[in-house]
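No lab work stands behind these numbers, since they all come straight from the coordinates. Just so it is clear, the model here is predicted, and its values are computed rather than measured. Methodologically, a virtual Cβ is constructed for each residue, glycine included, from the backbone with ideal geometry; neighbour enumeration extends over all protein chains shown.
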Amino acid sequence: MQFPGRLFALLILLTADGLATAANKTWTGSISSDWFDPGNWNPAGVPAEGDAVSVPFGNPIASSNVVAASLSIAGGTCTLNGPTDLGTLTLTGGTLAGTNVIHVTNLVWNRGTMAGLGVTRVAEGGSLSISVPQYTSVLLNQRVLHNAGS
């Protein structure tokens, strides 16, 4: 009987798909400013839902949906024009820009700018931490910051 064998093979494939591990992705911007260009990331490949994403410099632009476990922006301008879902957003420099809603569970803002016509929304049950080191600043420029967390 072939049916149980096929069912077993299907279950193995579904399980293997769920075993994909999260990665640390760092923006290199070596090819273009397109977030979705796999060559702009180290290691190569567009960040996925469980990935920790770092933008130390450059100007990545995402025109559609972005989902990641975390996003850290230290320099440059990261423009998120599509709806975005992040576990943690850490802004330690540079600019977060864009025209859409960024849903974030935890937001840590130490320096840098949030700009654009979009909304940064901290989820209920999440947290917002703004801690500005001496001789630095944070700037909210046009963007709406909505805190439903603590």
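The table for this structure:
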| quantity | calculated |
| --- | --- |
| Elements of type strands (runs of 3 or more DSSP E) contained in region 43-150, each with 1 or more residues being hydrophobic (A, V, I, L, M, F, W, C) and surrounded by fewer than 20 Cβ atoms within 10 Å (Cβ to Cβ) | 52-55, 66-73, 101-115, 119-130, 138-141, 144-147 |
| In region 92-127, the residues that are of a type in the set (A, V, I, L, M) and more than 11 Å from the chain's Cα centre (by Cα) | A97, V101, L107, V108, M114, A115, L117, V119, V122, A123 |
| Residue count, region 104-150 (criterion: on the phi < 0 side of the Ramachandran plot, out of contact with any Gly (no Cβ under 8 Å at 6 or more places or on another chain) and hydroxyl-bearing (S, T, Y)) | 5 |
